[in-house]
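Peer 1: Quick one: the structure is below, questions incoming.
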Amino acid sequence: YRKYSSSPVVKMLSNDIACRQVKDSLYGSSRMEIRNPTDQRIADFILYLNPFLSITSCKEKEIAVGFTREKQIVIVKRALAPGESLFLEIDYAGKIDDAFCYLELGDTEYDHRELDTPVEKLGVCFRYGNLYSYLSDRFTLLYPECQWYPAAVAPENPGNSLDRQFDYARYSLSVEKREGLLIVSQGKREEEEKRSIFR
């Protein structure tokens, strides 16, 4: 984060996310409207996405847009003039690494191995350890801090942890239904035959 902290920040105006899950893998598509809010030309811009999610496609109007990746940093190779907007669509897939967004926790505090080592006392089984997201066949819980969708603002501010920025944008989420599971999210809910949509 420190390496890219001086890079220009774009403004995300909207983010329409569609996702489905297969076992412990997430498949997503994010259609974003992005604007250069500055009065200077931006040569390329940064988005943030969970480092375990691989980008399979990055397009503007069906034309491929180049990008490079350094863990959670996605550098989109597209110049933006002052005040210019663009629609960018990113498809991605993979698992979730939730350790990168809780950088204040040390390795011992964030040890998943303890989750698999039950401790039995007085006939009660305790499981110690921390898990900050769930992506499984039976239960899924994803917080925005896990960066399971592209964002224009970093989830951490390395210079000042109290000065965290937020992406205020119009969001929609479309989730493919899976039998026996209830889908819950923020926003106004709409039901279709195969999808639940939240705006």
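The values are calculated or read from the model by the stated rules, or taken from the named source; none is laboratory data. Bear in mind that the values here come from a model prediction, so they are computed numbers and not experimental data. Backbone-built Cβ (ideal geometry, glycine too); neighbour counts: all protein chains shown. In case anyone asks, the SASA skips ligands and DNA or RNA and just uses the protein heavy atoms, side chains included. Shrake-Rupley method; radii C 1.70, N 1.55, O 1.52, S 1.80 Å.
Peer 1: If I stretch the segment between E176 and S54 completely, what's the gain in nm (0.36 nm per residue apart, minus their alpha carbon distance), one decimal?
Peer 2: Stretched out fully, the E176 to S54 stretch lengthens by 41.9 nm.
Peer 1: Okay, next question. At what distance in angstrom do the alpha carbon centres of the stretch 1-78 and the stretch 149-199 lie from each other?
Peer 2: Result: 15 Å between the Cα centres.
Peer 1: Would you kindly derive the ³J(HN,Hα) couplings of the stretch 18-26 from the backbone phi angles with the Karplus curve 6.51 cos²θ - 1.76 cosθ + 1.60 (θ = phi - 60°), listing them in order in whole Hz, with x for Gly and Pro?
Peer 2: Running phi through 6.51 cos²θ - 1.76 cosθ + 1.60 with θ = phi - 60° gives 10, 8, 9, 10, 10, 6, 9, 10, 10 Hz.
Peer 1: Scan the stretch 1-40 for trypsin sites (Lys or Arg not before Pro) in coil per DSSP, keeping those whose Cβ has at most 12 other Cβ atoms within 10 Å, and list them by number.
Peer 2: R2, K3, K23
Peer 1: What is the extension gain from Q186 to I63, computed as 0.36 nm multiplied by their sequence separation minus the C-alpha to C-alpha distance, in nm to one decimal?
Peer 2: 41.1 nm
Peer 1: Would you mind counting up the charge near R138? Only other residues with Cβ under 14 Å from its Cβ, with Lys and Arg at +1 and Asp and Glu at -1.
Peer 2: For residues surrounding R138, the net value is -1.
Peer 1: Mind listing the phi-derived Karplus ³J(HN,Hα) values for the stretch 176-184, rounded to whole Hz, using 6.51, -1.76 and 1.60 with θ = phi - 60°, and x for any glycine or proline?
Peer 2: Using θ = phi - 60°, the values come out as 5, 6, 10, 4, x, 10, 9, 9, 10 Hz.
Peer 1: Now a separate question. Using the Cα gyration tensor of the stretch 1-45, with a ≥ b ≥ c the square roots of its eigenvalues, what is the shape: rounded (a/c below 1.5), prolate (a/b larger than b/c) or oblate (neither)?
Peer 2: oblate
Peer 1: Rounded, prolate or oblate: which fits the stretch 1-110, taking a ≥ b ≥ c as square roots of the Cα gyration tensor eigenvalues, rounded meaning a/c under 1.5, else prolate when a/b beats b/c?
Peer 2: oblate
Peer 1: Looking at the stretch 165-199, which GluC sites (Glu not before Pro) are DSSP coil and have at most 11 other C-beta atoms within 10 Å of their C-beta?
Peer 2: Sites meeting the loop and neighbour criteria: E179, E192, E193.
Peer 1: Return the subset of K61/K95; K3/K23; K59/K188; K77/K194 for which the Cα-Cα distance in this structure is over 32 Å, preserving the input order.
Peer 2: K3/K23; K77/K194
Peer 1: Can I ask one more? Give me the one-decimal nm value for the distance between modelled label points at F166 and F139, 7 Å along each residue's Cα-to-Cβ direction.
Peer 2: Here the answer is 2.8 nm between the modelled labels.
Peer 1: Separate question: Any chance you could look up the accessible area of S30 with a 1.4 Å probe, heavy atoms only, rounded to 10 Å²?
Peer 2: 0
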